[in-house]
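J.: Here it is, the structure, as structure tokens.
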Amino acid sequence: MSNKDASTEQAQAMLVQKHQLNTAQNHLGLVDGALQNLQATQAQSRQHLELLMLEAETLVERNHVIFEVDDDDALLVESSYAVQGNIVSVGTPLPNLDFIDMKGESDWNVYLDQVTAYAQRQRIEFGHDPFRDLMSASQRIALEKRIRDEFSYKCAHCDKYDYMIAGTCGLIGGLVDVLFVGLPGRGALTHFTDDMTDKAVQRFAAWNGWQGPNTGSDPVTSAIGFLERKYKVNYDHRHGGDVGGLFKMSTRNHHIKSLAHSPDLVGLFFSILDQFTSSAHFVDGGRIISVDTDTFELKGSNLVAKLFCGCMNWLGHLLSDVAGSSGAKTRGSGIPIPFSSLLQFINLGEFGQHRQTFATIAVQVFEKGYDLRHGLAMAIPVMLSEMLTRMMWVVKQRFYHEKEWVECIPSATNSELQRMLLMAHGTLCVVDGADAAIRSGGDMIQFMLRSNLIAWARFGTLALKELNSWYQDGRLDIKAVDTYLDAEYERLVASA
């Protein structure tokens, strides 16, 4: 039996149970009415009896009748009266209730047969959607309204103030990006993130047993050297000579060419693969190149232990490279922004006087300092625009629309908020793109160096969500329904 047939049978059984409940309630109403009529009749009879007793007492007093009683037995005899007669039934007899007779040994199939028989006796017709028949008209209207309001894709209906707020928040973020981020290694925010990264590397090294720098040595360089020795990997090739001259690579770009140096799921996958297979994978000219390395043995007595060791080795080695190498004289070459290594697969186009492809341009941009540290600096104006927009949306909902605080939570499912975020980050990207275009003077490398990749990525994800909401307008949001059902299930489990 399919799940659909089973659910339909359950719904039909519930319809029969609903019919039984309604019939029982109606029967209770009839019983209650009969009892009320009986009580009214009793009250009326009591009134008549009281009137008769009053008339009898009046007649006795008026005629001076005196009752003489010799003894108690005579009184009992004289006061005993037998009233014989027929009992008269008042009212219409109540109908019998139909029911399903279930015994202790009955199973579900027997119950379903009883349900079918009851439905035939009571002439209950099952529609194509028995679940719909379970609800009343008002319940169906309320359910449809809730589905439309909470579980359906809706296009945003923003007013002019929403667009003004979003544009202003995006403009603030764009000005922060232009004034305080700028080129890699030069902006105030990049200096800030560089210092924070250096401190994080030293702290991580201290957690791993680093005792601090020697007298007169640079603490950052000492911490990096300690982590490089502790978290050695087999894919840390520095230049083309280490791979037999198969392709061009230098110390300035080997972190972006090595897929295992990418701080994302792609990097983790290739790091584990390289450590288990004693190989190294690089990207050059839009193609993956695999190189055999010296045999590399991971610690651990079983597969799970080796996987854990490989993950920690990958993470530790990334932290040894995030602030540059120990031998760097200047800022050094860090690790790429997550997923930016994949830009090397876009081996298309001809840019600049040397007609270079986009993949080559992406590598050259990384060589000039466009690494994870600069990515953290670029994320600050993006986060600023995001937080300002969400905060102003909450303020507007609370004080302009006068909603309760619980209704002012900036949920990701709110279409108006999503439209405002799209507007804010779009404004940020316009400011960023205009600044990059003007200052680059047509140079593709300079244009990419001055562009905020994080802002454009965030704008792209919001644009895809907006297109999906526009396309799915009015349709059921399955994800929202699943989320609601999961929350209800957890609530029921917790209250059980």
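J.: Kindly list, by first and then second residue, each pair from a residue in segment 454-477 that is in contact (Cβ under 8 Å) with a residue 12 or more places away in the chain to a residue that is among the basic types (Lys, Arg) and part of a helix (DSSP H, G or I), limited to pairs with Cβ atoms under 7 Å and residues at least 6 apart or on different chains.
T.: Short answer, once both residue conditions are applied: GLU466/ARG419.
J.: Please tell me if GLY241 is free of Cβ contacts under 8 Å to residues at least 60 places away in the same chain and in a helix (DSSP H, G or I). Lay out the reasoning, then the answer.
T.: Working: free of Cβ contacts under 8 Å to residues at least 60 places away in the same chain: yes; in a helix (DSSP H, G or I): yes.
Considered against the rule, which asks whether it is free of Cβ contacts under 8 Å to residues at least 60 places away in the same chain and in a helix (DSSP H, G or I), GLY241 comes out as yes.
J.: Next up: So, in segment 381-437, exactly how many residues are assigned to a helix (DSSP H, G or I) and surrounded by 15 or more Cβ atoms within 10 Å (Cβ to Cβ)?
T.: 35
J.: Let me ask something else. Could you say which residue among ILE172, ILE165, ILE224 is assigned to a helix (DSSP H, G or I), assigned by TED's automatic domain parsing to the domain that holds VAL283 and touching a Leu at 6+ places or on another chain (Cβ under 7 Å)?
T.: Values: ILE165 fails: touching a Leu at 6+ places or on another chain (Cβ under 7 Å); ILE224 fails: touching a Leu at 6+ places or on another chain (Cβ under 7 Å).
Of ILE172, ILE165, ILE224, the one residue that is assigned to a helix (DSSP H, G or I), assigned by TED's automatic domain parsing to the domain that holds VAL283 and touching a Leu at 6+ places or on another chain (Cβ under 7 Å) is ILE172.
J.: Tell me the helices (runs of 4 or more DSSP H) entirely within segment 253-349 that contain at least 2 residues that are under 32 Å from the mean Cα position of the chain (by Cα). Can you show your working first?
T.: On the way: elements: 254-257, 265-277, 303-321.
So the answer is 265-277, 303-321.
J.: Report every pair of residues separated by at least 6 positions or lying on different chains whose Cβ atoms are under 6 Å apart, first residue within segment 178-206 and in the same structural domain as SER222 (by TED's automatic domain parsing) and at positive phi, second surrounded by fewer than 20 Cβ atoms within 10 Å (Cβ to Cβ) and in a loop (DSSP other than H, G, I, E, B).
T.: GLY185/ARG331
J.: Are any of the residues in segment 131-142 modelled with pLDDT of 80 or more and in a loop (DSSP other than H, G, I, E, B)? First the steps, then the outcome.
T.: Just the residues of segment 131-142 that are modelled with pLDDT of 80 or more, to begin with: none.
Checking segment 131-142: not a single residue is modelled with pLDDT of 80 or more and in a loop (DSSP other than H, G, I, E, B).
J.: From the list LEU476, LEU449, which one is surrounded by 11 or more Cβ atoms within 10 Å (Cβ to Cβ), among the aliphatic types (A, V, I, L, M) and modelled with pLDDT under 80? Even if it seems obvious, please write down each step before you answer.
T.: Numbers: LEU449 fails: modelled with pLDDT under 80.
The unique qualifying residue is LEU476.
J.: Oh, and also: Scan segment 13-39 and report the pairs whose first residue is touching a residue at least 24 places away in the same chain (Cβ under 8 Å) and whose second residue is acidic (Asp, Glu), with Cβ atoms within less than 7 Å and a gap of 6+ or a chain change.
T.: LEU15/ASP133
J.: Let me ask something additional. I need the full set of residues from segment 244-256 which are charged (D, E, K, R) and either loosely packed, with under 15 Cβ neighbours inside 10 Å or without any contact (Cβ under 8 Å) to a residue 24 or more places away in the chain (or both), in order please.
T.: Within segment 244-256, the first condition is being charged (D, E, K, R), and the residues that meet it are 248, 252.
Selection gives LYS248 alone.
The values are calculated or read from the model by the stated rules, or taken from the named source; none is laboratory data. Everything numeric in this text was worked out from a predicted model, so none of it was measured. Reconstructed Cβ throughout: ideal geometry from the backbone, glycine too, with neighbour counts over all protein chains shown.
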